[in-house]
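First the structure, in the form of structure tokens, and then the observations on it.
The values are calculated or read from the model by the stated rules, or taken from the named source; none is laboratory data. No experiment lies behind these values; they were computed from the predicted model shown. Here the Cβ positions follow ideal geometry from the backbone for every residue, glycine too, while neighbour counts run over all protein chains shown. All accessible areas refer to the heavy atoms of the entire protein, side chains included, with ligands and DNA or RNA removed. Shrake-Rupley method; radii C 1.70, N 1.55, O 1.52, S 1.80 Å.
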Amino acid sequence: MSTLIVVGAQWGDEGKGKVVDAVAAQADLVARYAGGNNAGHTLVVEGRKVITHLVPSGCLYPGTRCVLGAGMVIDPDVLAAEIAGLQAFGLLQQDELRVSLHAHVIFGFHRELDGMREEAAAKGPRAIGTTRRGIGPAYEAKAARRGIQVRDLFDRATLRARLEQNRDALAPELGRADAISVDALMEAAAGWAAYLEPMVCDASALCHGAIRAGQRVLFEGAQGALLDLDHGTYPYVTSSNTTAGGVCTGIGVGPTAIDAVWGISKAYATRVGAGPFPSRIDGEIGQRLRDVGGEYGATTGRPRDCGWLDLPALRYAARLSGMTGLCITKLDVLAALGHAEVCVAYADGVDPGRDGLFGARPVNRVIEGFDDPQLAVQLASARSWDALPACARAYLDLVAEAVEVPIALVSVGAERDQTIFVRHPFE
Ligand code: GDP
Ligand code: IMO
Ligand code: MG
């Protein structure tokens, strides 16, 4: 086996960055396939914290190549700042990062539209609670066939015509005929083109070549299954396909190239932004979970809503991505509460796929043994499946059985070494 997809199985922030960093030690190439800098992936190595937004989380390993795929939307200024930040740490040589010529570019007017719409919706039912990074408007332009691809930055005539098309299409909503200054953007784009020129590539061919050469390729998801544009809690979703299918379209590889899919889930659940969250916990326990788990957004700093692990939703996510392994993170955090529950079903037989999650009422069960005050400390120091306390193994077995996917990895802390591989990622 040489290819593995790592996807979020909830509403994002499951710990994909940490898992990708752990797995990337054994990978030759790490590729992002969807989303943009709405993502915030946290890596912690010997107390040092790195947050990636666009650059794949394999970037900490010298020699591991990273690529941004066609399915992504890229804000060039954010990318340049992120690369500079990583290089200041002595990480990520320029020749280790490649950018697809087919990826779409986020412009300032996309960010402006995103922010304007959120302001207009305020906290009413139409507010999505986006990250305001311009993600939705950039994907909207792509679907409307007036998006600007990285390749267009190198073709001045096409770029000018496309910018004029956007200026005309968006002027009514932006409220001014000249809200998009084509000349100013042409100038900015010339700078981006010069900066990106050594990095641009055919990402599909790059990944295809690596796979054919028998190299190990890791596809890194952003966001999570329930934020998927087609299968998530629409309209409270992001504007891309976050599930494993997004790899094929977002990179340009066929389904036959994929060997395994690992889904990442916390031992509990979180959500940031609006939309249904059946297992949400209000009140004091929810606040404790947020504090103990540090549940504040890596991109926007917003407090995340917290809840119990939702097994019907996780089972649905496993189906959507054809998961072959489950990675459960933050077990140490759940254990620190002194009391833990898990949602095992929804009342009235509500089914997440058929009925959606709106109005679903959780049926919870208490997790045995999680009232032990020593449990969190024992978990944090466990380094093998056998070293996990019996009640933790029983909880993981229950999850695997309910979802019908075996446990592949258990994470018991934010540090790289607090990772228990139950399965080999590439065997
Ligand atoms: P991502 O977007 O899926 O990469 O996740 P984020 O980085 O946004 O959020 C996950 C947070 O949990 C980060 O702060 C990680 O450092 C942290 N984390 C990941 N795994 C564990 C774990 O097993 N235990 C603890 N305590 N923290 C973890
Ligand atoms: P990572 O990769 C958590 C959420 C936003 C909002 C919705 C749409 O770190 O897991 P967008 O800006 O994408 O148009 O916002 O999606 N969202 C995330 N939530 N983690 C993320 O990324 C997210 N990316 C977007 O909060 O509800
Ligand atoms: Mg995140």
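Some notes on this structure:
- Members of the stretch 126-144 that are among the basic types (Lys, Arg) and closer than 11 Å to Gly35 by Cα: Arg133
- Members of the stretch 299-321 found to be touching a His at 6+ places or on another chain (Cβ under 7 Å) and within 14 Å of ligand 3 (Cβ to nearest atom), listed by number: Thr299
- Every test in (1) open to solvent by 10 Å² or more (accessible area, probe 1.4 Å); (2) under 25 Å from the mean Cα position of the chain (by Cα); (3) not assigned by TED's automatic domain parsing to the domain that holds Thr233 is passed by Ala169 save one, and that test is (2).
- Scanning the stretch 25-58 for residues that are more than 16 Å from ligand 3 (Cβ to nearest atom), more than 16 Å from the chain's Cα centre (by Cα) and not β-branched (Val, Ile, Thr) returns Ala25, Gln26, Ala27, Asp28, Leu29, Glu46, Gly47, Arg48.
- Exclusive hit being surrounded by 19 or more Cβ atoms within 10 Å (Cβ to Cβ), assigned by TED's automatic domain parsing to the domain that holds Val7 and within 15 Å of ligand 1 (Cβ to nearest atom), set Ala225, Ala203, Ala244: Ala225
- Residues being near ligand 2 (Cβ under 9 Å from one of its atoms), in a strand (DSSP E or B) and assigned by TED's automatic domain parsing to the domain that holds Gly63 are entirely absent from the stretch 11-24.
- Any hit, the stretch 288-301, residues being out of contact with any Asp or Glu (no Cβ under 6 Å at 6 or more places or on another chain), without any contact (Cβ under 8 Å) to a residue 40 or more places away in the chain, over 26 Å from Cys391 (Cβ atoms) and in a helix (DSSP H, G or I): no
- Subset of the stretch 220-276 (residues that are hydrophobic (A, V, I, L, M, F, W, C) and within 16 Å of ligand 3 (Cβ to nearest atom)): Ala222, Ala225, Leu226, Leu227, Val237, Ile264, Ala269, Val272
- Number of residues in the stretch 312-370 that are under 30 Å from Phe219 (Cα atoms) and assigned to a loop (DSSP other than H, G, I, E, B) equals 7.
- Yes/no for Gly353 being in contact with an Asp or Glu (Cβ under 7 Å, 6 or more places away or on another chain), farther than 30 Å from Val50 by Cβ and either surrounded by fewer than 16 Cβ atoms within 10 Å (Cβ to Cβ) or among the β-branched types (Val, Ile, Thr) (or both): no
- Check on Pro62, on the phi < 0 side of the Ramachandran plot and either assigned to a strand (DSSP E or B) or surrounded by fewer than 17 Cβ atoms within 10 Å (Cβ to Cβ) (or both): yes
- Evaluation of Gly129 against (1) in a loop (DSSP other than H, G, I, E, B); (2) away from ligand 2 (no atom under 16 Å from the Cβ) (one fails), failing number: (2)
- Residue check for Gly286: buried (at least 23 other Cβ atoms within 10 Å of the Cβ) and more than 17 Å from Ala222 (Cβ to Cβ): no
- Selection of the stretch 245-266 for residues being within 13 Å of Ala31 (Cα to Cα) and among the small types (Gly, Ala, Ser) yields Gly246, Gly250, Gly252.
- Count of residues meeting criterion [touching a residue at least 40 places away in the same chain (Cβ under 8 Å) and crowded, with 24+ Cβ neighbours inside 10 Å] in the stretch 38-54: 3
- In the condition set (1) away from ligand 1 (no atom under 14 Å from the Cβ); (2) over 30 Å from Leu229 (Cβ atoms); (3) open to solvent by 40 Å² or more (accessible area, probe 1.4 Å); (4) touching a strand residue (DSSP E or B) at 6+ places or on another chain (Cβ under 6 Å), Ile367 is compliant with all but (3).
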